[in-house]
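Quick note: the coordinates plus some simple rules give every number you see, no bench work behind them. This is a predicted model, so every value here is computed, not measured. A quick note on method: Cβ atoms are made from the backbone with ideal geometry, for glycine too, and the neighbour counts reach across all protein chains shown.
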Amino acid sequence: MRFSRPLAWSLLPFTALLLAAGYSPAPPTTPAPFTQGVITTRVSMPGNPFDKLLSQVDPAKGNVQAQLQQLAARLSPAEQQQLQAEAAQLSPALTIGALMLPRKGTIYCRGKEARATTDALTYHLENYFNLATNKGLLRMASQSTPQTVNYTYDAASVKKTWQSIVVTAQDYTSKTSPETTPIAGYPSQKTTYTLKPGAAETTPAAPGQMPSKPTALDVWTSAQIPQSLNFAHPVYVAEAHGITRLVVYFDKERKQRMVYEFASVQPKAITDQDLKITTTAPVLDYAKDEMQVGMQMLGLMLGGSPTRPASTDE
């Protein structure tokens with residue numbers, strides 16, 4: 001709509017009156033610090049040719065293989081040809097990593113306790129951590145067989161068991177932006193970490209694993225989110241506040257990347273049941289059974305090992 005010139009001029013005195021009275025738009029409200037509630041997360045791999053296809057698979061619906069076949073059948077011949085061409089240029093680690101990556105997750109938080117749950121194509125994972133005791137419990141179950149692995153761990157084991165990417169001041173330079181970005185309703189500040197020259201890995205990552213020293217990372221944190229929730233994602237960064245989004249760049253061109261972010265934050269009362277993980281024997285101790293835990297987890301991630309006796313969960 002276009003105002004006539006006389007009407008536009010007639011509005012000026014009213015505008016001047018508001019300014020003279022000290023009127024200004026209300027600033028955006030800052031949410032209260034998050035202490036209890038439910039957070040949903042999402043993970044994607046933009047630039048990976050399999051990302052769009054895999055993000056449509058829902059392990060809760062069962063028969064992952066059939067879902068993949070149906071999705072692939074919907075691709076046009078041109079799309080199939082493009083997928084094959086792009087996949088041929090992808091490293092085996094990023095290909096297998098895309099297949100094993102959990103896409104969606106839920107975190108139940110109450111004070112210093114939190115339980116994170118997520119599903120990948122081949123496994124379901126639950127991870128409970130208590131900041132007061134610095135101890136946790138992890139359960140991984142196969143999506144296709146009754147096999148599970150359960151074990152307890154302490155804070156020092158987190159980097160070994162879950163946080164495979166570790167960012168240190170020795171390897172990375174950092175730069176923090178003064179601006180904030182709202183992520184799931186919480187103002188978040190961005191810090192960029194860049195790998196120092198000469199700090200790159202001398203040996204490539206093992207098949208199925210992401211490089212433990214990415215070329216760069218963008219990390220957003222919020223002062224309203226507890227730092228203790230940072231245990232729930234696969235990257236260790238010594239941030240003072242809770243991480244609401246992080247982008248990991250695996251190549252210098254920054255085409256291959258992994259994005260972890262909060263999708264929603266819902267403050268609400270959390271019960272003991274929300275924080276509980278139901279396990280069956282045996283429950284291993286990571287400090288004592290590291291080799292056994294590692295082999296069983298790898299078997300489940302690869303679809304289950306037929307040589308291991310099955311266990312059941314309720």
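Numerical summary
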{"item": "Farthest positive-ward along the stretch 79-155 dipole, Cα basis, beta-carbon charges - from ALA87, THR106, ALA132", "result": "ALA132"}
{"item": "Among the listed pairs LYS175/LYS213; LYS196/LYS255; LYS175/LYS252; LYS135/LYS213; LYS52/LYS135; LYS104/LYS190, those beyond 25 Å (Cα-Cα)", "result": "LYS135/LYS213; LYS52/LYS135"}
